[in-house]
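Presented below is the structure to which this report refers.
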Amino acid sequence: MTATATTDQPLTHRQIVTILVGLMSGMFLAALDQTIVATAIRTIADDLKGLEHQAWATTAYLITSTIVTPLYGKLSDIYGRKKFFTAAITIFVIGSVLCTFATSMFELAAFRAVQGLGAGGLFSLALAIIGDIVPPRERAKYQGYFLAVFGTSSVLGPVIGGFFAGADSILGITGWRWVFLVNVPIGIAALALVSRTLHLRHQRLDHRIDWTGAALLSVSLVPLLLVAEQGREWGWGSTNAVVCYAIGVVAGVLFFWQEHRMGDEAILPLSLFRNRTVAVSSAASILIGIAMFGGLASLPLYLQIVKGASPTEAGLLLVPMTLGIMSGSIISGQVISRTGRYRWFPIVGVGLLMVSLFVFHYVEFDTPLWQTMIVMVFFGLGLGFNFQPLTLAVQNAVPPQQIGVATSTATFTRQIGGTIGTAVFLTILFSLVPEKIAAAMRSVAPTPEFQTALRDPANAEFARQMSQSQASGDASAAASSGVLQDSSFLSTLDERLAKPFLMGFSEAMDHVFLVGAAVMVVGFVIMWFLPEVELRKGSAYQERNEADAEAAAGH
């Protein structure tokens, strides 16, 4: 059965649900990929001998998805949503196949960048289509469908990712490569569902495409994110870093000049940001993205490296955070639907994120897991209070003709923050790990427990490596360098000998969470400037059709 809307009448519940089936298939593809990869990334990085380069695989994906998100919004406003949603799924599947053949972390990062070109359209276009067909006051009724997608992916992702990461090979292919290959059948199914269900009449708009703006946006973002990732190796004041700063700043200035010149046809119309709701939401979304992705990148590493959880276990241990996100989304959605008021949810949500990140700062290597999981619930609740209300606020604040570009702007700003947060926070983490492990080693190595463990015949190989390192220089520095290449040995190492490594990682992560909390303090202040705008009772799709009908009658 297909749902085709060709009149200016509101869509029926059955038509909306039918369309949602297609949208959910595309969103499930992206959501499942994120949870599977997050669960398996440590195993992948260890196998490709590049744990310290892990950020590249995440950052490359975020860079490309961030850059193309505004393009998807603008182009779909002009030419219609379906063809670009289909293209996004296709590109994502192609990128997934390429990731299967990666032989190094840098190759994987390049192929993840291709995946990102598709991912940039999956979430933003799905949210834009919802903004088209469902009135703001009614959106909570359909929120459960999307929560089911994220809830299912959050539970299935760790299990599937852990299964693939833990398998040596499946059908002659290395286990972790199935993490990406599994997207192929899911993507094909999503394409079939979208083709069958997504039928919305679109009135083509005649506008120019701001290709120059898109190019300048790319040139401005990539060098700055590159130096965020490589700064600790190059040196923050090195020639390479300075060149990146210069290119990024010059291209950024030219980008804003180009957007001003293009007016309403810009890829990111600057006039949108004169709207106070859009401006405040965008600024807050950048900061929320920084804190969110910083936390999401660090927590799985803490659970796997410090707590010794397998990839599957680490993913399942994050379920409390998922439950917090779902609870926050349901509560905010239902209350907003009944009252029409949304402002307090983002404010409370950012406050919860700020406090949660600050409490994470006190989590140590031997902190009981149940205590950490309680904090995860509140962290997830803070995210849940922000996701739906901020997108809803932006969509409600703009004309129906700009739903696509407004939604992509909301997604874009969050992804900008996420890209910055992932690059900067993982850089902070891996910059601090060597010195923290070295300090912990100097503190723990002289203790009787450590020395007794060194004399244990079962630990003879580790003791030999320590002796060689001491003979050639600083043993603690050599040990910390080795763990950044491949941390898998920690899972089999005597816990007395592993203690300084776990302490070092934990203390480095404490600094990451503290920086994230400081970022959220700024976000909390900004969020107080968010205005309360009455929610529209009609859908953007209905309003656009009515406007088209009036224009046709005038002729």
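Every number in this text was worked out from the coordinates using simple rules, so none of it is lab data. Given the structure is predicted, the values throughout are model-derived calculations rather than measurements. Glycine gets a Cβ as well: all are built from the backbone with ideal geometry, and neighbour counts include every protein chain shown.
Using alpha-carbon pairs under 8 Å, 6+ residues apart, how would you state the relative contact order of region 211-266 in percent?
46
In the neighborhood of residue 191, defined by Cβ-to-Cβ distances under 13 Å, what is the net charge if each Lys or Arg adds +1 and each Asp or Glu adds -1?
After counting each charged neighbour, the total is +3.
Please list 3J(HN,Hα) in residue order for region 374-391, calculated via the Karplus relation 6.51 cos²θ - 1.76 cosθ + 1.60 where θ = phi - 60°; whole Hz, with x for glycine and proline.
4, 5, 4, 4, 6, 4, x, 4, x, 5, x, 6, 9, 4, 5, x, 5, 4
May I ask you to derive the relative contact order of region 328-437, considering only C-alpha pairs under 8 Å and at least 6 residues apart, and to give it as an integer percent?
30
Please give me, ordered by residue number, the chymotrypsin sites (Phe, Trp or Tyr not before Pro) of region 64-124 that lie in loop per DSSP and have at most 16 other Cβ atoms within 10 Å.
Passing both the DSSP loop test and the Cβ count: 101.
Quote the FRET efficiency, to the nearest 0.05, computed for residue 494 versus residue 152 with a Förster distance R0 of 56 Å and r equal to the Cβ-Cβ distance.
Using R0 = 56 Å, I get an efficiency of 0.90.
If N is the number of residues in region 211-266, what value comes out of its Cα radius of gyration divided by 2.2 N^0.38 Å?
1.28
Grab the Cα-Cα distance for residue 233 and residue 521, subtract it from 0.36 nm times how many residues apart they are, and report the gain in nm with one decimal.
100.7 nm
With a sphere of radius 13 Å drawn around the Cβ of residue 21, what net charge do the other residues whose Cβ falls strictly inside it have (Lys, Arg +1; Asp, Glu -1)?
+2
I need the chymotrypsin sites (Phe, Trp or Tyr not before Pro) found in region 295-365, filtered to DSSP loop residues with at most 15 other beta carbons within 10 Å of theirs.
The qualifying sites are 362.
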